[in-house]
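J.: Just passing along the structure, written as structure tokens.
The values are calculated or read from the model by the stated rules, or taken from the named source; none is laboratory data. Here the structure is a predicted model, which means the values were calculated and not measured. All Cβ positions, even for glycine, are placed from backbone atoms using ideal geometry, and neighbour counts span all protein chains on display. Just so you know, the surface numbers come from the protein's heavy atoms only, side chains and all, with ligands and any DNA or RNA stripped out. Shrake-Rupley method; radii C 1.70, N 1.55, O 1.52, S 1.80 Å.
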Amino acid sequence: MQSSFQTVYWKNRQVVMLDQRLLPYEEKYNRYSTVQEVADAIQTMVVRGAPAIGVAAAFGVALAAIEADGNEERLLALCDVLAATRPTAVNLFWAIERMKKRISTHGTAPQEVLEEAERIKEEDIAACKKMGEFGEKFIKDGATVLTHCNAGALATAGWGTALGVFRSAVAAGKTIHVLADETRPRLQGAKLTAWELRKDGIDVTVISDNAAASLLRAGKIDAVVVGSDRIAANGDVCNKIGTYSVALAADAAGVPFYVAAPVSTIDMSCPSGDQIPIEEREADEVTHINGVQILPDGVPVKNPAFDVTPHTLVTAIFTEVGVFQKNYSESLKKILQP
Ligand code: MRU
């Protein structure tokens, strides 16, 4: 059961991305042929979701190799343009570092550089499938599961992290019902999670963010599964704003709170969630919905895009190398050295 669309890919010396800003109204693929265009696409959220941002940046480095024409210094400067787009998702920096390492050992030849980007993409899909297989064992047949934001095929190179767990559960023959938080301010749950699960025939109902705690307390939700933009060495999980509230409510209701993420999302150089940079995005994401202003003129807003869920609220972390359970500081260190 493959997802029926592509998030980001390379074709004819261009990076092609499904324009997620237009979903669910329009399915349009944009083509980018310069590094600056790719950087702008990441910043303006044509492509979003931590692993997908990493893959897009890796293809951006492949474009940089063409633009730099053998000049390594210029190539590295173009990598910095890509790195300056979004601060929280560590997969962006992980992918760029991996591309730089490859360039330092194998040179700047565009075909070589592109091959590494393609490998990052393929490995991401494989990682999602593997973590899906591990994670789906924790989801019972007939379960109602809650997710926040979009951690699906749209947020990765394919399959998805949290939604990959659901795809794997369905592939294993289970019946599940997904509740998707709408996820203000940008509504990735209402627009993207609902779109991709619908498209792939997985049962989904959207709820307002405000409804999650009460449904958890009422015993209507069996498990929560979310993705992550960066996991600290102690297991603190940074994800879309509002995730922390869901985790608190799940804990109060005695419902397991799972995180699905590839190893590239784990930042062992970050001791705890307190060191994770939280992106502050434009005010118009809060003042407007679909271009329509909903606040009185001139009212100030705050718009942090992510929050941190302390590791004490996380029941387990599903990755492609296995499932981590408390105590995260010890278990993560055993597998991943900084
Ligand atoms: O701002 P976004 O849409 O890039 O935020 C995405 C998320 O918070 C996802 O939950 C996270 O990247 C995990 S994606 C597999």
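J.: Let me check against my output: what whole-number percent is the relative contact order of segment 8-127, with C-alpha pairs under 8 Å and at least 6 apart? Could you put the intermediate results ahead of the total?
T.: Numbers: 172 pairs, mean separation 30.0, N = 120.
For segment 8-127, the relative contact order is 25 percent.
J.: Starting from the Cα gyration tensor of segment 80-217, take the square roots of the eigenvalues, sort them a ≥ b ≥ c, and report rounded, prolate or oblate (rounded when a/c is under 1.5, otherwise prolate if a/b is larger than b/c, else oblate).
T.: prolate
J.: If you find the alpha carbon centre of segment 183-240 and of segment 315-338, how far apart are they in angstrom?
T.: Taking the Cα centre of segment 315-338 as reference, the centre of segment 183-240 is 22 Å away.
J.: If one takes the longest principal axis of the Cα atoms in the chain, at what angle in degrees, from 0 to 90 and to the nearest 10, does the Cα axis of helix 110-136 lie?
T.: 10
J.: Can you give me the angle between helix 243-253 and the longest principal axis of the chain, using Cα atoms only, in degrees from 0 to 90, rounded to the nearest 10?
T.: Roughly 30 degrees between the two axes.
J.: Would you check the accessible area of HIS177, probe 1.4 Å, heavy atoms only, in square angstrom rounded to 10?
T.: My reading of the accessible area for HIS177 is about 50 Å².
J.: Quick one: helix 90-106 against the long Cα principal axis of the chain, what's the angle to the nearest 10°, folded into 0 to 90?
T.: With both axes taken from Cα atoms, the answer is about 30 degrees.
J.: Another one. Using a Gaussian network model of the chain whose springs link C-alpha atoms within less than 10 Å, name the residue from THR34, THR319, THR147 with the highest mean-square fluctuation.
T.: The residue that fluctuates most here is THR34.
J.: What nm value, rounded to one decimal, do you get for the distance between SER4 and LEU22 when each label is placed 7 Å out toward the C-beta?
T.: Reported label-point gap for SER4 and LEU22 is 1.9 nm.
J.: Follow-up question, since we're still on this one. May I ask you to derive the relative contact order of segment 139-194, considering only C-alpha pairs under 8 Å and at least 6 residues apart, and to give it as an integer percent?
T.: Relative contact order, segment 139-194: 43 percent.
J.: Contact order normalised by length for the chain, with contacts defined as Cα pairs under 8 Å and 6 or more residues apart; what percent is it?
T.: Normalised by residue count, the contact order of the chain is 16 percent.
J.: Assuming R0 = 25 Å, can you tell me the calculated FRET efficiency for the pair ALA171 and LYS11, based on Cβ-Cβ distance, to the nearest 0.05?
T.: Values: r = 28 Å, r/R0 = 1.12.
Calculated value: 0.35.
J.: Can you tell me the length gained on complete extension of the stretch ALA252 to SER269, counting 0.36 nm per residue apart and subtracting the Cα distance?
T.: That pair, ALA252 and SER269, stretches by 3.0 nm at full extension.
J.: So how do TYR29, TYR328 rank on accessible area, 1.4 Å probe, biggest first, that is with the largest at the start? The partial results should precede the final answer.
T.: Numbers: TYR29 75, TYR328 5 Å².
If we order TYR29, TYR328 from most to least accessible, we get TYR29, TYR328.
J.: Another question about this same structure. Going 7 Å from the Cα of GLU118 along its beta-carbon direction, which residues of segment 143-176 have the amide nitrogen within less than 18 Å of the resulting point?
T.: 157-158
J.: Computed over the Cα atoms, what is the radius of gyration of the chain divided by 2.2 N^0.38 Å, N being its residue count?
T.: Here the Cα radius of gyration is 0.95 times the empirical estimate.
J.: How long is the gain from ALA211 to HIS106 if the chain were fully straight, where each residue apart is worth 0.36 nm and the alpha carbon distance is subtracted?
T.: 32.6 nm
J.: For segment 8-127, what's the radius of gyration and Dmax over Cα atoms, in angstrom?
T.: 13.2, 44
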